[in-house]
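The structure is given below, and queries will be raised subsequently.
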Ligand SMILES: [Cu+2]
């Protein structure tokens with residue numbers, strides 16, 4: 001119970017702080033890096049830069065997200081707060097090569 | 001080529017199923033096909049425009065332009081589906097029991113049909129703009145124009161085939177049940193779209209997700225399985241919804257159901273089923 005109250009007291013602080021940013025690059029139809037570690041239990045801002053000239057769709061069933069990123073543009077996708085675990089994502093337009101995973105811990 | 005076929009099929013499936021259901025739900029309305037076709041053409045033209053402006057749209061609203069656009073498109077479609085269902089719950093019985101009433105309702109029916117055209121245009125716009133963008137992308141790669149186009153055409157044909165299957169299947173439903181079945185489907189479609197709308201607003205950090213996920217049934221029925229995909233399209237199935245998505249979903253079901261109940265035609269309100 002004490003822990004719960006403590007956790008509730010911390011909530012506003014978490015909500016007010018800007019979510020940590022994680023950078024991702026799409027190049028040659030691949031994500032770089034292919035594995036990103038993020039803290040569990042808080043909102044994260046994925047900043048995805050598509051350096052290819054072709055559009056890509058960032059998609060993840062596990063993260064419940066989908067976003068088209070036109071060639072040569074940068075997109076933001078907010079994810080979480082996540083429970084600890086692995087959350088694969090892929091580029092829907094190049095599913096064979098564009099694959100990656102978010103690891104929340 | 002197969003890649004183009006699969007992606008175009010996946011994108012066109014949602015729009016095709018929706019067109020199939022809406023076409024069936026509107027089958028008693030005069031000049032239905034003209035309005036359906038108008039909605040499809042408007043949706044395709046809009047798709048090309050959105051695809052060409054994709055870079056600009058993505059950068060709007062602090063990088064959240066795409067989420068905002070998706071949410072607005074879905075919100076408009078949900079509103080029109082809700083209106084269709086509520087309007088139909090008032091007139092459906094009269095329309096099947098009394099042919100002359102159809103003539104009387106033409107004026108009102110035309111307004112209803114413009115709502116249907118908007119629903120269809122919005123569905124085609126949302127799925128179509130992604131498809132156009134993807135095909136542009138494939139063409140600028142090593143793939144030949146012919147391959148991409150034939151793959152895309154194959155995928156589109158398969159999508160339309162499924163949509164027609166849905167339409168033909170619904171027409172086989174006995175008249176007595178027909179409006180109940182289509183009204184139920186439209187209600188679930190609208191709720192599913194409202195849930196997706198919430199998801200885009202959460203993805204863009206415009207509204208909070210609240211509990212996330214509320215539950216997890218992905219081990220039972222994955223969203224990428226065939227049944228999961230079908231349920232996703234038809235009823236907005238999401239194996240890991242956030243609480244906010246659930247609120248949007250259930251709120252839409254409740255609002256439409258209450259609306260339908262309040263405007264029921266007198267024959268239905270008295271509890272005596274109209275002769276069919
Ligand atoms: Cu889709």
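Out of all the residues in region B:184-230, which are over 13 Å from the mean Cα position of the chain (by Cα), part of a helix (DSSP H, G or I) and buried (at least 16 other Cβ atoms within 10 Å of the Cβ)?
The answer is B:198, B:199, B:200, B:201, B:202, B:203, B:228, B:229.
Would region B:153-174 turn up any residue that is within 14 Å of another protein chain (Cβ to nearest Cβ) and more than 30 Å from residue B:247 (Cβ to Cβ)?
yes
Go through region B:16-41 and report how many residues are farther than 19 Å from residue B:85 by Cβ and either within 11 Å of the ligand (Cβ to nearest atom) or in a helix (DSSP H, G or I) (or both).
Of the residues in that region, 7 qualify.
Go through the residues of region B:44-60 one by one and say whether even a single one is over 13 Å from residue B:122 (Cα atoms), within 16 Å of the ligand (Cβ to nearest atom), touching a residue at least 24 places away in the same chain (Cβ under 8 Å) and crowded, with 20+ Cβ neighbours inside 10 Å.
Yes - at least one qualifying residue is present in region B:44-60.
Could I ask something else about it? When you scan region B:2-15, how many residues do you find that are more than 14 Å from chain A (Cβ to nearest Cβ) and either at pLDDT below 85 or more than 16 Å from the ligand (Cβ to nearest atom) (or both)?
Here the count works out to 0.
Restricting region A:60-75 to residues that are within 10 Å of the chain's Cα centre (by Cα) and surrounded by fewer than 21 Cβ atoms within 10 Å (Cβ to Cβ), which is farthest from the other protein chains (Cβ to nearest Cβ)?
The selected residue is A:60.
Which ones in region B:181-196 are touching a residue at least 40 places away in the same chain (Cβ under 8 Å) and over 14 Å from residue B:23 (Cβ atoms)?
B:183, B:187, B:188, B:190, B:191, B:192, B:193, B:194, B:195, B:196
Please verify whether residue B:105 is at pLDDT below 90, in contact with a helix residue (DSSP H, G or I) (Cβ under 9 Å, 6 or more places away or on another chain) and within 15 Å of the ligand (Cβ to nearest atom), treating the condition exactly as stated.
Against the criterion (at pLDDT below 90, in contact with a helix residue (DSSP H, G or I) (Cβ under 9 Å, 6 or more places away or on another chain) and within 15 Å of the ligand (Cβ to nearest atom)), residue B:105 does not qualify.
While we're here: I need the strands (runs of 3 or more DSSP E) fully contained in region A:17-105, keeping only those with at least 1 residues that are more than 16 Å from the ligand (Cβ to nearest atom) and touching a strand residue (DSSP E or B) at 6+ places or on another chain (Cβ under 7 Å).
It comes to A:21-27, A:30-32, A:35-38, A:44-50, A:74-79, A:85-91, A:99-104.
The values are calculated or read from the model by the stated rules, or taken from the named source; none is laboratory data. Owing to the predicted nature of the structure, the values given are computational and were not obtained by experimental measurement. With ideal geometry, Cβ positions are generated from the backbone for all residues, glycine too; neighbour counts draw on all protein chains shown.
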